[in-house]
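Read the structure below first, then the notes.
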Amino acid sequence: MPGPSDPAFDTLALHAGAAPDPATGARATPIHLTTSFVFESSEHAASLFNMERAGHVYSRISNPTTAVFEERLAALEGGAGAIATASGQAALHLAIATIAGAGSHIVASAALYGGSHNLLAYTLPRFGIETTFVRPRDIDAWRAAIRPNTRLLLGESLGNPGLDVLDIPRVSQIAHDAGVPLLVDATFTTPWLQQPFKLGADLVFHSATKFLSGHGTVVGGVLADSGRFDWERSGRFPELSAPYAGFHDMVFTEESTVGAFLLRARREGLRDFGACMSPHTAWLILQGMETLPLRMERHVANARKVVAFLASHPMVAKVGYPELESHPDHALARALLPRGCGSVFSFDLRGSRRQGVAFIEALQLFSHLANVGDCRSLVIHPASTTHFRMDDAALGAAGIGPGTIRLSIGLEDADDLIADLKAALKTAERAAA
Amino acid sequence: MKLDVQGRSAYAYTGGKAWSDAGPCAVFIHGALNDHSVWTLLARWYAHHGYRVLAVDLPGHGRSEGPPLASVEALGDWVLALLAAANVTSAHLAGHSMGSLIALEAASRAPERAAALVMVGTAYPMKVSDALLATARDDPGKAIAMVNAFSHSSLASKPSYPGPGAWLRGGSSALMHRIQSDADGNLFEHDFRVCDAYAGGIEAARRVACPAHLIIGSRDVMTPAKATKDLADVLDATVARIVSGHALMQEAPDEVLNAMRAAIPA
């Protein structure tokens with residue numbers, strides 16, 4: 001498909017990776033619900049398996065519909081490529097499993113989604129991978145935590161749920177000085193609000209379940225590579241720079257100077273762990289991504305109105321939104337997130353735990369559930385749900401209090417959302433009696 | 001593998017197979033601010049279909065020691081020196097863009113050592129606009145973005161390169177930035193000036209004795225198809241036209257392989 005030489009974000013959101021189907025002329029991307037793809041000949045089969053040709057063999061490794069999603073996400077992030085996964089958690093695991101193993105070490109922000117914290121704090125140690133958690137604003141702590149066996153620095157572009165703004169330029173510099181990559185969970189921001197690669201990050205992953213899909217319909221993840229990190233020069237990654245017995249002694253950094261990480265992640269990670277994305281899921285996420293710029297603009301606009309309402313309400317003790325001057329990362333957010341700070345944020349309700357329960361249960365438009373980034377507005381109490389495995393110290397480090405309530409602002413009329421919140425706050429106020 | 005060429009360390013990818021001392025040899029030469037990895041699918045295919053393969057990193061690019069050489073003629077000599085270092089008496093020479101001119105020059109300087117010449121994404125003369133040369137000198141990052149935009153004709157090249165899920169424009173940009181940042185000095189401007197200054201193409205073509213083949217992208221705006229006619233006439237070359245931009249091996253890997261198999265049979 002011919003196209004403009006240097007298309008902009010909104011154009012890429014609709015066209016990157018997709019062309020009219022050459023077999024049928026279908027304009028929308030077809031859903032290729034097939035496990036496998038017929039070989040033209042035995043020689044063709046062998047050359048596909050041996051990476052002498054590019055193409056699809058089996059949908060656990062790649063699929064034409066899923067590839068459109070991967071290429072579109074990579075285009076929007078400004079990366080060299082991407083791999084779709086069964087979930088955001090699978091994307092994080094794939095990233096780690098590709099470049100770390102028993103004896104490896106990770107330095108991670110303490111302000112992480114609870115599921116990511118679980119993986120790093122409880123599950124990966126069972127496989128010999130240790131993590132040191134640091135407060136994301138403590139730049140010196142990132143540097144101090146790096147060990148000779150550190151393989152990765154990890155943070156969220158906007159920390160969950162306190163919206164700590166990751167100082168990607170400074171943290172990535174620390175990572176690069178040590179010869180390790182920075183992996184950013186960019187779920188809350190999406191590439192419309194921030195492209196971490198332009199700020200220095202090397203790898204990015206998303207829970208595509210959230211804003212990329214945007215409609216609360218499917219679970220999926222995606223891992224993208226900038227192609228900029230020099231794995232060979234680092235000297236810390238024999239997984240990529242030494243012969244791999246699992247694929248005919250392939251040396252991935254020789255095979256592809258900028259695609260080595262994704263080659264191994266696909267050829268080993270999808271092959272062996274198998275946490276691939278269904279093409280049907282990829283298609284639904286693609287539908288969402290076509291309107292990502294429009295939706296994100298509206299998400300942010302609505303969030304700003306709701307934040308302004310809550311910040312002035314007497315029942316609200318604190319609103320944690322980086323666009324407010326009261327947020328500790330306000331200045332950093334202005335520099336790194338000029339388009340806005342997304343539509344997921346937390347606030348602290350005054351009063352008792354009982355009043356908090358009354359507030360959540362009184363909401364009508366907001367749905368009480370464990371998700372964010374839906375087109376519908378959502379609410380949850382992190383301390384008892386998404387982060388319930390964390391002790392008080394870990395909760396405190398992540399900026400979560402017992403009265404913290406997380407909102408995900410959707411695409412409804414902002415006045416209706418404010419009316420719903422206003423009524424629920426009134427109910428909470430009455431519950432004090 | 002690493003070779004000593006003209007007293008300096010040189011790297012050549014061997015297609016995923018150990019180097020052997022016998023058998024036909026195919027040499028793949030990359031273009032400006034690239035490295036061997038633009039050829040790996042094709043190189044790997046030939047390595048597993050009876051050929052000894054040398055997909056080189058030119059001096060000062062990727063894994064080969066610098067400095068970069070100053071002219072297409074010097075680079076042609078370097079390719080011949082590389083063959084000698086690898087004990088190869090005769091080879092099929094394939095090049096892309098700037099690499100195609102280097103292959104042409106090597107085939108003309110030692111006609112008896114060239115079994116075939118394949119020029120992919122080529123043009124002669126390979127003039128570079130003053131504006132692009134100035135941008136490459138003053139703002140290499142901007143020039144990389146310009147060339148990357150000009151080199152791709154599609155937002156959806158399938159099955160992508162090196163495989164599904166790769167975003168070609170992003171990969172090409174990352175590669176060019178990597179090669180530029182690893183080089184001493186402004187390698188991008190250097191390579192463009194090497195292309196722009198080459199004036200011996202027709203004379204070189206007259207000296208070529210082996211079969212010659214041109215593989216051209218019908219949507220190539222970097223080296224437009226119309227800029228190959230004189231070269232094709234003098235070389236008496238076959239011309240394969242593929243629906244692609246300048247990044248032929250990435251946009252149309254299967255089509256390039258098919259065209260190349262007609263030139264270099266397995």
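Per-structure values
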{"read-out": "Scope segment A:73-85; condition surrounded by 24 or more Cβ atoms within 10 Å (Cβ to Cβ) and either of a type in the set (D, E) or facing chain B (nearest Cβ under 8 Å) (or both); matching residues", "value": "A:A74, A:A75, A:E77, A:G79, A:A80, A:G81, A:A82, A:I83, A:A84"}
{"read-out": "Single unsatisfied condition, A:L12 versus (1) in a helix (DSSP H, G or I); (2) more than 11 Å from every other protein chain (Cβ to nearest Cβ)", "value": "(2)"}
{"read-out": "In segment A:153-184, the residues that are among the acidic types (D, E) and either touching a Gly at 6+ places or on another chain (Cβ under 7 Å) or under 14 Å from A:I139 (Cβ atoms) (or both)", "value": "A:D164, A:D167, A:D177"}
{"read-out": "Condition met for B:R44 (basic (K, R) and more than 20 Å from B:P253 (Cβ to Cβ))", "value": "no"}
{"read-out": "Selection within segment B:142-192 - of a type in the set (F, W, Y), assigned to a helix (DSSP H, G or I) and closer than 19 Å to B:H36 by Cα", "value": "B:F188, B:F192"}
{"read-out": "Whichever residue in segment B:146-168 is under 21 Å from B:L187 (Cα atoms) and facing another protein chain (nearest Cβ under 7 Å) and, among such residues, is farthest from the chain's Cα centre (by Cα)", "value": "B:A149"}
{"read-out": "Residue within segment A:264-287 that is within 24 Å of A:D415 (Cβ to Cβ) and surrounded by fewer than 23 Cβ atoms within 10 Å (Cβ to Cβ) present", "value": "no"}
{"read-out": "Any hit, segment A:38-54, residues being within 25 Å of the chain's Cα centre (by Cα), at pLDDT 95 or above and farther than 22 Å from A:A275 by Cα", "value": "no"}
{"read-out": "Test result for B:G200, at pLDDT 95 or above and within 14 Å of another protein chain (Cβ to nearest Cβ)", "value": "no"}
{"read-out": "Positions within segment B:226-253 being touching a Gly at 6+ places or on another chain (Cβ under 7 Å) and either free of Cβ contacts under 8 Å to residues at least 60 places away in the same chain or not in a helix (DSSP H, G or I) (or both), in sequence order", "value": "B:I242, B:S244, B:G245, B:H246"}
{"read-out": "Enumeration of residues in segment A:15-66 that are buried (at least 18 other Cβ atoms within 10 Å of the Cβ), at the interface with chain B (Cβ under 8 Å from one of its Cβ atoms) and hydrophobic (A, V, I, L, M, F, W, C)", "value": "A:A16, A:A18, A:M51, A:A54"}
{"read-out": "Set B:V38, B:V79: member being in a helix (DSSP H, G or I) and either aromatic (F, W, Y) or within 13 Å of chain A (Cβ to nearest Cβ) (or both)", "value": "B:V38"}
{"read-out": "Residues that are closer than 18 Å to B:P67 by Cβ and of a type in the set (S, T, N, Q), drawn from segment B:1-26", "value": "B:Q6, B:S9"}
{"read-out": "Any hit, segment B:108-116, residues being among the hydrophobic types (A, V, I, L, M, F, W, C), at pLDDT 95 or above and in contact with a Pro (Cβ under 6 Å, 6 or more places away or on another chain)", "value": "yes"}
{"read-out": "Close pairs (6 angstrom Cβ cut-off, 6 or more residues apart or separate chains): within 21 Å of B:G76 (Cβ to Cβ) and modelled with pLDDT of 95 or more in segment B:48-62, assigned to a loop (DSSP other than H, G, I, E, B) and of a type in the set (V, I, T) anywhere", "value": "B:V53/B:T14"}
{"read-out": "Candidate set from segment A:59-101 (those that are part of a helix (DSSP H, G or I), aliphatic (A, V, I, L, M) and within 27 Å of A:N149 (Cα to Cα)); member that is farthest from the chain's Cα centre (by Cα)", "value": "A:I99"}
{"read-out": "Selection within segment A:339-363 - buried (at least 24 other Cβ atoms within 10 Å of the Cβ) and more than 18 Å from the chain's Cα centre (by Cα)", "value": "A:L349, A:F359"}
{"read-out": "When residues of segment B:117-150 are limited to those that are among the polar types (S, T, N, Q) and modelled with pLDDT of 95 or more, the one surrounded by the most Cβ atoms within 10 Å (Cβ to Cβ)", "value": "B:T122"}
{"read-out": "Test set (1) aliphatic (A, V, I, L, M); (2) within 14 Å of another protein chain (Cβ to nearest Cβ); (3) free of Cβ contacts under 8 Å to residues at least 24 places away in the same chain - B:V256 fails condition number", "value": "(3)"}
{"read-out": "Which numbered condition B:P224 fails, given (1) closer than 21 Å to B:A240 by Cβ; (2) within 14 Å of another protein chain (Cβ to nearest Cβ)", "value": "(2)"}
{"read-out": "Hey, A:H105 more than 8 Å from chain B (Cβ to nearest Cβ) and surrounded by fewer than 24 Cβ atoms within 10 Å (Cβ to Cβ) or not", "value": "yes"}
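Rundown of residues vs (1) closer than 30 Å to A:S62 by Cβ; (2) in the same structural domain as A:S408 (by TED's automatic domain parsing); (3) at pLDDT below 95; (4) in contact with a strand residue (DSSP E or B) (Cβ under 9 Å, 6 or more places away or on another chain), yes/no style:
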{"position": "A:A311", "(1), (2), (3), (4)": "no, yes, no, yes"}
{"position": "A:H330", "(1), (2), (3), (4)": "no, yes, no, yes"}
{"position": "A:C341", "(1), (2), (3), (4)": "no, yes, no, yes"}
{"position": "A:V357", "(1), (2), (3), (4)": "no, yes, yes, no"}
{"position": "A:I360", "(1), (2), (3), (4)": "no, yes, yes, yes"}
{"position": "A:S367", "(1), (2), (3), (4)": "no, yes, no, yes"}
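Each row is one residue, and each column tells you yes or no for (1) touching a residue at least 60 places away in the same chain (Cβ under 8 Å); (2) acidic (D, E); (3) over 30 Å from A:E297 (Cβ atoms).
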site: A:P7; (1), (2), (3): no, no, no
site: A:L12; (1), (2), (3): yes, no, no
site: A:A16; (1), (2), (3): yes, no, no
site: A:A19; (1), (2), (3): no, no, no
site: A:A28; (1), (2), (3): no, no, no
site: A:I31; (1), (2), (3): yes, no, no
site: A:S36; (1), (2), (3): no, no, yes
site: A:S42; (1), (2), (3): no, no, yes
site: A:A45; (1), (2), (3): no, no, yes
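So that you can scan it fast, the table gives a plain yes or no per residue for (1) of a type in the set (D, E); (2) under 24 Å from the mean Cα position of the chain (by Cα):
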| site | (1), (2) |
| --- | --- |
| A:T217 | no, yes |
| A:G220 | no, yes |
| A:S226 | no, yes |
| A:A245 | no, no |
| A:E268 | yes, yes |
| A:A282 | no, yes |
| A:I285 | no, yes |
| A:V300 | no, yes |
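The values are calculated or read from the model by the stated rules, or taken from the named source; none is laboratory data. Quantities reported herein were computed from a predicted structural model and do not represent experimental measurements. Note: ideal-geometry Cβ built from the backbone for every residue, glycine included; neighbour counts use all protein chains shown.
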